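Notes follow the structure.
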Amino acid sequence: MSEDEEGGERRRRRSGPVTKGGDARSAKQFHTKVKTARGRKYSSKLWLERQLNDPYVARAKQEGYRSRAAYKLTELDDKFGLIKPGMKVADLGAAPGGWAQVALKRGASHVVGIDLLEIEPIPGATLLELDFTEAGADETLKAALGGRADLVVSDLAPWTTGHKQTDHLRIVALAEAAAHFAIDVLNPGGAFVAKVFQGGATGELLDLLKARFKTVRHYKPPASRSGSAETFVIAQGFRPPSDSAAG
Ligand SMILES: C[S@@+](CC[C@H](N)C(=O)[O-])C[C@H]1O[C@@H](n2cnc3c(N)ncnc32)[C@H](O)[C@@H]1O
């Protein structure tokens, strides 16, 4: 996760919302400028200015979502019909909980979220404060799911180093780990969504998904900032390896 892209979400979680309300239209009409205060870095000033003028931030505050990221899953679901009533959902990289809120609101019966960060409780969700890449984390997740999942979503994003290739490889590694988990845990017909970065090196991930899912597509929802290299891969119609097809 880049400091620029989502780091502010984390900062906002610690220090409380930075917006003063107002709907998307008013946020657009009155562009708020932030002065560079002593001790505030220029990048922080730009982040704060963007937050104050971002209609999705205002909307998330109004609609009670914990992150503007909630609208990415909302838009992905609107386009691909991912969330169905009664589904079990695994939410990888879940903090502060926007995607879990959306999945539950749209009918999921149980969401299991995992994140390095603590997540405030959400009724209907089991939230694990754990490194997804740690040995045994997959088993802990499976136990919390109490069986197979119907949908695995990954918004996992590492802190970026600023070195483009390194950052790209790190996010692809997380997306690949998420894909392997999905293949291990999904019910036949299930779906997988993962955040990736545009710009190559996802060949192995795509090959893996194409071998196991009926359709594999890329989509960048409108809520994903146009200046960000982030995009999403959406794999639907899971075909389990023959030896694990049992539910
Ligand atoms: C963009 S945020 C997720 C936002 C979330 N989908 C929402 O709607 O609120 C990405 C998250 O991935 C988490 N993350 C990154 N690496 C992780 C790892 N190895 N294990 C668990 N969580 C991780 C970060 O802590 C961060 O909270």
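Shown here is the pair-distance distribution of the range 155-228: with all Cα-Cα distances grouped in 10 Å bins from zero up to the longest one, the shares run 17, 50, 28, 4 percent.
Put a dot 7 Å past the Cα of residue 135, heading toward its Cβ, do the same for residue 211, and the two dots end up 2.5 nm apart. For the range 70-244, the gyration tensor built on C-alpha atoms gives a rounded shape. Its axis ratio a/c (a ≥ b ≥ c) stays under 1.5. If the chain linking residue 163 and residue 198 were pulled fully straight, counting 0.36 nm for each residue of separation and taking away their Cα-Cα distance, it would gain 11.1 nm. Between the beta carbons of residue 180 and residue 225, assuming R0 = 35 Å, the FRET efficiency works out to 0.80 to the nearest 0.05.
Relative to the Cα centre, the charge distribution of the range 70-244, modelled as +1 at Lys and Arg Cβ and -1 at Asp and Glu Cβ, gives a dipole magnitude of about 800 debye.
Sorting 176, 139, 63 from the fewest to the most surrounding beta carbons within 10 angstrom yields 139, 63, 176. With neighbours defined as other Cβ atoms within 10 Å of a residue's Cβ, the residues 159, 99 order from fewest to most as 159, 99.
Placing dummy labels 7 Å off each Cα toward the beta-carbon, the span from residue 116 to residue 50 is 1.9 nm.
In this structure, the pairs whose alpha-carbon distance is over 20 Å, taken from 164/210; 79/105; 142/220; 61/105, are 164/210; 142/220.
Readers should treat all values here as calculations from the given coordinates under stated rules, not as data from a laboratory. Fair warning: this is a prediction, and the values are worked out from it, not measured in the lab. For neighbour counting, all protein chains shown are included, and Cβ atoms are generated from backbone atoms with ideal geometry for every residue, glycine included.
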